[in-house]
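Beneath this line is the structure, given in structure tokens, with notes to follow.
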Amino acid sequence: MTCGNDTAVNTAPAAADLAAASPVCSYTEWDPLEEVVVGIVDEACFPPWHVALPPVLPANQHETFRDNAGEPFPPERVAAARRELDEFVRVLEAEGVTVRRPEPVPQNTPYSTPDWSSTGMYAAMPRDALLVVGDEIIECPMAWRSRYYETLAYRPLLKAYFHGGARWTAGPKPELTDAQFDQKWTDDGDHDPPNLVVTEFEPTFDAADFTRCGRDIIAQKSNVTNEFGIEWLRRHLGDEYRVHTFEFRDTHPMHIDATIVPMAPGKLLINPERVPVVPALFRGWDVLEAPAPILPDSHPLYMTSKWINMNILMLDEDRVIVERQDEPMIQALKNFGFTPILCNFRNFNSFGGSFHCATLDVRRRGSLQSYF
Ligand code: NVA
């Protein structure tokens, strides 16, 4: 199967070429990027307090989240992040990438199921909510109640992609009753493996707990992604893909893309604290240990560690988007053989992600291959 716009037009498409006709087609984190969705911070609100939050929020943010549950994030922080998103869009377009944006959706409107009620959070991180594998775009069964309707902001895009020929599916809608969460969860410090707050009551996963290397997809269990969710995806994708579940030394795991980042065939970026041993699958690959983050302690990070500096976006096997002030990362990536393209993003980082989280690569030119 291939992706790209160079299919012959006057022959009946072979089954293997059907994916080429789809506006959605991406198999890896590094094939040449043609189209991407970039998130928005409009309407961003603190989620209501819930047992699923403390396992992943930085300890110094718990009070802020408790005090501001359901309230908008500070408008000056939203405005600063929005300016950086606009710069990011300009950078991507200047590199020849088509950019799409979700629709702003009110996030402070209460909603409920028979068991619970909540308000929303944002549509800033399309990487969390949607997973593209080949010509299929999957709405993920997310574990946070505040993210239950997050994909609504992307529905106009999803409908358009479907009309254009993409496959559009969704994981089983979760109930997210109390049974899905360990109500007695406590922080066990450095315990290995860590206590995870999600139970195996029903399948849940965020797309950002998976990273794609063609036929091989790397997954981690986390505080939002359970074994049941990974198995659902494995069975859903079928025999064409191998879903590997790896365990890393992350005491509060949520999303794999500040832990292990495949950059190109044979080139891997790792978090030196979380990946003491590179999984055997990557034997023979060149490995770069991410340089220590340089964000000052005074810079607010509502939802992540400073390792968000690893959350880069590959435009192809050479060009990589990196935070403009992150000189150690810029140098390290140059030395590793890449061409960094710089963009300010520290203010966006405050909201829980960087370039990889803020995007969903909808189309990369390439074909389904094995890299191992
Ligand atoms: N949960 C990770 C960020 C993943 C993008 C961290 O806090 O380092």
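The values are calculated or read from the model by the stated rules, or taken from the named source; none is laboratory data. Here the structure is a predicted model, which means the values were calculated and not measured. Note that each Cβ is placed from the backbone with ideal geometry, even for glycine, and that neighbours are counted across all protein chains shown. Surface areas here come from the heavy atoms of the whole protein model, side chains and all, with no ligands, DNA or RNA. Shrake-Rupley method; radii C 1.70, N 1.55, O 1.52, S 1.80 Å.
Quick notes on this structure:
- Split the accessible area of the range 136-209 by element, probe 1.4 Å, and carbon with sulfur accounts for 54%.
- Heavy-atom accessible surface of the range 62-112: percent carbon and sulfur, 1.4 Å: 44 percent
- Whole-Å distance, taken between Cα centres, linking the range 239-285 and the range 304-372: 15 Å
- Long-range HN-HN contacts of LEU269 with modeled amide H, under 5 Å: VAL261, MET263, LEU288
- Under 5 Å between amide hydrogens, built in the peptide plane, is the criterion, and for VAL97 it picks out nothing among residues at least 5 positions away or on other chains.
- Note on TRP49 and THR113: their simple-model spin labels are 2.3 nm apart, each label 7 Å out from Cα toward Cβ.
- Note that the range 24-120 shows a convex hull volume over its alpha carbon atoms of 165 Å³ per residue.
- Annotation: per residue accessible area for the range 190-322 equals 38 Å², rounded to a whole number [probe 1.4 Å, protein chains only].
- Net length available on complete extension from GLU327 to LYS173 is 51.2 nm, with 0.36 nm assigned per residue and the Cα-Cα distance removed.
- GNM top mover of ASN271, ASN68, ASN349 - the chain, alpha-carbon springs below 10 Å: ASN68
- For the range 287-372, carbon and sulfur atoms together expose 46% of the accessible surface, with a 1.4 angstrom probe and every protein chain in place.
- Amide H contacts under 5 Å for GLY134, placed H, 5+ residues apart: SER26, TYR27
- GNM flexibility winner over the chain from VAL261, VAL91, VAL224 (Cα, springs under 10 Å): VAL91
- Debye-sum result for the chain in log10 I(q)/I(0), which assumes one identical scatterer on each alpha carbon, at q = 0.10, 0.11, 0.12 Å⁻¹: -0.58, -0.72, -0.87
- Altogether, the Stokes-Einstein calculation at 4 °C and 1.567 mPa s, with the Kirkwood radius of the range 88-243 over Cα pairs as Rh, returns a diffusion coefficient of 76 µm²/s.
- Entry note: the range 177-318 has Rg to Rh equal to 0.97, where both radii use alpha-carbon atoms and Rh is the Kirkwood radius.
- Between PRO74, PRO340, PRO272, the GNM of the chain built on Cα springs shorter than 10 angstrom shows PRO74 fluctuating the most.
- Helical mean residue ellipticity (222 nm; -39500 (n - 2.57) per DSSP H run of 4+; nearest 500) of the chain: -5000 deg cm²/dmol
- In units of the rule-of-thumb radius 2.2 N^0.38 Å, the range 252-366 shows an alpha carbon radius of gyration of 1.02.
- Extension gain for ARG235 to LYS159 (0.36 nm times residue separation, less C-alpha to C-alpha distance): 24.9 nm.
- Extension gain, VAL278-THR186: 0.36 nm per intervening residue step, less the Cα-Cα distance, totals 30.2 nm.
- Whole-number accessible area per residue in Å² for the range 27-68, which is evaluated in the context of all protein chains at 1.4 Å: 31 Å²
- Two-decimal log10 I(q)/I(0) for the range 74-159, as the Debye equation yields it once each C-alpha is a single scatterer, q = 0.12, 0.15, 0.21, 0.26 Å⁻¹: -0.45, -0.69, -1.17, -1.36
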